[in-house]
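Visitor: First, the structure itself, so that you have it in front of you.
The values are calculated or read from the model by the stated rules, or taken from the named source; none is laboratory data. These numbers come from a predicted model, not from an experiment. Cβ placement follows ideal geometry from the backbone for every residue including glycine, while neighbour counts extend to all protein chains displayed.
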Amino acid sequence: MEDLTEKQAAELQARLTVLRDELTALLASTLESTRPISLDEPIGRLTRMDAMQQQSMSTANRQQTDLRLRQVEQALGLARRGDYGLCRRCEDPIGYARLSARPESPYCLTCQDEIDRKTQR
Ligand SMILES: [Zn+2]
């Protein structure tokens, strides 16, 4: 895999900065939807079930968003040290194609595959 050019690195890091702001805003705006549902709230039984289902989906989504935000922040930290674009496991370049699809990727495709296979078991 090729190292990133300076232009590619600058472009991806600019996208990371935007992504960090977007994810931070998203987390702030969805905070309300994950608050516990009060039993005293005057809503019908079905509606309460809906609300609880909605809430557990929101919580799962937030966990995803939160994880992604942490990866984005780590990638920005690496960028500041000049280590952006290198796999955190094998230290090979991750490659522009993969980073372009997901600029916060911490691992190259090979390592990500291995990690996914281990966690799926
Ligand atoms: Zn790797």
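Visitor: So which of M1, M57, M49 ends up being modelled with pLDDT under 95 and under 23 Å from the mean Cα position of the chain (by Cα)?
Guide: Matching residue, one of M1, M57, M49: M57.
Visitor: Note down all Cβ pairs under 8 Å where the first residue falls in segment 106-118 and is aromatic (F, W, Y), the second is part of a helix (DSSP H, G or I) and within 10 Å of the ligand (Cβ to nearest atom), and they're at least six residues apart or on different chains.
Guide: Y107/I115
Visitor: Might you let me know whether segment 78-90 holds any residue that is at pLDDT 95 or above and assigned to a helix (DSSP H, G or I)?
Guide: No, that holds for no residue.
Visitor: Still on this model: Could you check how many residues of segment 97-118 are part of a helix (DSSP H, G or I) and surrounded by fewer than 19 Cβ atoms within 10 Å (Cβ to Cβ)?
Guide: Looking only at that region, the number is 14.
Visitor: Any chance you could count how many residues in segment 60-96 are within 16 Å of the ligand (Cβ to nearest atom) and surrounded by 12 or more Cβ atoms within 10 Å (Cβ to Cβ)?
Guide: 17
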